[in-house]
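Contents: one structure, followed by commentary.
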Amino acid sequence: MLSIVLFGAPGAGKGTQSKMLVEKYNLTYISTGDILRKEIAAGTEIGIQAKDIINQGGLVDDEIIVQIIEKTIENSTTGGILFDGFPRTVVQAYILEGLLHRMNRRLLCLLSLEAPREMLIERMIKRASIEGRDDDKKEVILNRFQEYDKKTIPVAEFYKEKGIYCPVDGVGSVEEVFARLETIIDKTLENAYRNIILYGAPGSGRGTQAKNLAKKYDLVYVSTGAMIRDEIEKGSEIGMESKIYIERGDNVPDLIAIKLIEQKISNNPNARGFLFKGFPSTYVQAYIMDGILEKIHTSVTCMIEMQSNTLQCIRRLTQRSKTEKRRVYDMDPEIIIHRLESYENSAANVRSYYQKKNKYYNVNSDAPVDVVFETLCKTVDEALKKA
Ligand code: AP5
Ligand code: MG
């Protein structure tokens, strides 16, 4: 999930851009400056402690900052968080690491708005005449810059070392700057997630490979089949509804699959990406998959089809039916054939959906398990490199 820091000197445009980013990416907005100004206006204990420091252009105590951030995060309901004006010291950068760790999140990037000082001073003097912020007086502005240079600039180094520091040109119209931010966020999101679809006929060996592949590439494994079996076992409403489809060897209704996949995604806010197995299995589901990933601002990295000889698939499913891992739909040759037919009927369209996007790969899965795994890894590496 999207967590971003908007960084920059006083007047760089953090507040201005935040409003638009929060809306576009559906984020909880945490501006320590705004929160402190509200506390001052409300005359709270925190406000009383912060007032003089802010009016002199100094930095408020870390203890207070942690308190106000914790309070806001607890009340946050949206997917991601946008931090404006925090972290402002290296100590606060460590604090943010701790907070994110506790929330099982990670920071996507720190976007640093950059513009010449004279321009920033001009902007703030102009703002003073409109908003009348107490710290927008020339001498206080200079103090704020001094604090920024001494205590805040080192924060940039902290994130450069982490490889998530992104400088952004803050000169230009508000819209121009926003377009630059959008481009960087979208690109970073694309690269931050790796979403792999493992596709193939029943019995082609997807399940056998998927778990190891997910582990190797640090992906969350999303198997619609496994999730549905869990629901059936739990006796949940979704389970009861799905049972009849599963027993017939049919796909469950798309809405059920969507619900389960979205649940899995939201239960893993720290994921670096997902490995999907069992979905999409139809042309319509390929569209749905894009829709689901679009909601978390990412997309499919590659689709790998495991191609197997049909007789080999039948042999594997029949063999599985004699083991503990047997599925209800392995027991009846007619259902096996029905499932293979469904795959045959959809495969050309699903394949072409990803071929057109240049995201289609295939591997022969008739070889022994470890050989197939090796080929799959090579294919994933190739796809990631291309992406
Ligand atoms: P804070 O409120 O965070 O102030 P700041 O960092 O000094 O930044 P500003 O809010 O002044 O500028 P901005 O980058 O948001 O620019 P804006 O979009 O408004 O902090 C205030 C004080 O609180 C601190 O000094 C400190 O005491 C305390 N504090 C806060 N967080 C703290 C923390 N974590 N730890 C300790 N203490 C903390 O834009 C400025 C103006 O320019 C606006 O009028 C805008 O309309 C205009 N503008 C914006 N973009 C453009 C553009 N592209 N073209 C033309 N005009 C533009
Ligand atoms: Mg601001």
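Computed values, structure above
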{"item": "Residue match in the stretch 46-65 (condition: assigned by TED's automatic domain parsing to the domain that holds Gln146, modelled with pLDDT of 95 or more, aliphatic (A, V, I, L, M) and open to solvent by 70 Å² or more (accessible area, probe 1.4 Å))", "result": "yes"}
{"item": "From Glu233, Glu175, Glu182, Glu241, residue being within 30 Å of Leu108 (Cβ to Cβ) and open to solvent by 50 Å² or more (accessible area, probe 1.4 Å)", "result": "Glu175"}
{"item": "Members of the stretch 287-343 found to be of a type in the set (Phe, Trp, Tyr) and open to solvent by less than 60 Å² (accessible area, probe 1.4 Å), listed by number", "result": "Tyr329, Tyr343"}
{"item": "Within the stretch 113-133, tally of residues that are more than 38 Å from the chain's Cα centre (by Cα) and outside any helix (DSSP H, G or I)", "result": "1"}
{"item": "Residues being more than 16 Å from ligand 2 (Cβ to nearest atom), hydrophobic (A, V, I, L, M, F, W, C) and either farther than 25 Å from Gly273 by Cβ or assigned to a helix (DSSP H, G or I) (or both) - total across the stretch 85-112", "result": "7"}
{"item": "Subset of the stretch 135-145 (residues that are more than 36 Å from the chain's Cα centre (by Cα) and either loosely packed, with under 15 Cβ neighbours inside 10 Å or within 9 Å of ligand 1 (Cβ to nearest atom) (or both))", "result": "Asp135, Asp136, Lys138, Glu139, Val140, Ile141, Leu142, Asn143"}
{"item": "Per-region count, the stretch 83-109, residues more than 8 Å from ligand 1 (Cβ to nearest atom) and under 14 Å from Ala9 (Cβ atoms)", "result": "0"}
{"item": "Subset tally (residues that are farther than 23 Å from Glu97 by Cα and β-branched (Val, Ile, Thr)) for the stretch 158-172", "result": "1"}
{"item": "Identity of the residue in the stretch 67-87, of a type in the set (Gly, Ala, Ser) and over 16 Å from the mean Cα position of the chain (by Cα), that ends up modelled with the highest pLDDT", "result": "Gly85"}
{"item": "Criterion: closer than 29 Å to Ile54 by Cβ, aliphatic (A, V, I, L, M) and away from ligand 1 (no atom under 16 Å from the Cβ) - qualifying residue of Ile164, Ile130", "result": "Ile164"}
{"item": "Residues within the stretch 1-48 that are touching a residue at least 60 places away in the same chain (Cβ under 8 Å), over 13 Å from Ile81 (Cβ atoms) and more than 13 Å from ligand 2 (Cβ to nearest atom), tallied", "result": "2"}
{"item": "Failed item, numbered, when Asn362 is tested on (1) open to solvent by 50 Å² or more (accessible area, probe 1.4 Å); (2) part of a helix (DSSP H, G or I); (3) modelled with pLDDT of 95 or more; (4) closer than 17 Å to Ser281 by Cα", "result": "(2)"}
{"item": "Selection within the stretch 20-32 - within 11 Å of ligand 1 (Cβ to nearest atom) and surrounded by fewer than 18 Cβ atoms within 10 Å (Cβ to Cβ)", "result": "Met20"}
{"item": "Count of the stretch 233-277 residues which are more than 20 Å from the chain's Cα centre (by Cα) and polar (S, T, N, Q)", "result": "3"}
{"item": "Residue satisfying all of: in the stretch 223-280; among the hydrophobic types (A, V, I, L, M, F, W, C) and assigned to a strand (DSSP E or B); nearest to Val350 (Cα to Cα) among these", "result": "Phe276"}
{"item": "Test result for Arg117, more than 15 Å from ligand 2 (Cβ to nearest atom) and within 18 Å of Thr188 (Cβ to Cβ)", "result": "no"}
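The values are calculated or read from the model by the stated rules, or taken from the named source; none is laboratory data. Since the model is a prediction, treat every value here as computed from it, not as a measurement. Cβ sites come from the backbone with ideal geometry, for glycine too, and all protein chains shown count toward neighbours. What goes into the accessible areas is simple: the full protein's heavy atoms, side chains included, and nothing from ligands, DNA or RNA. Shrake-Rupley method; radii C 1.70, N 1.55, O 1.52, S 1.80 Å.
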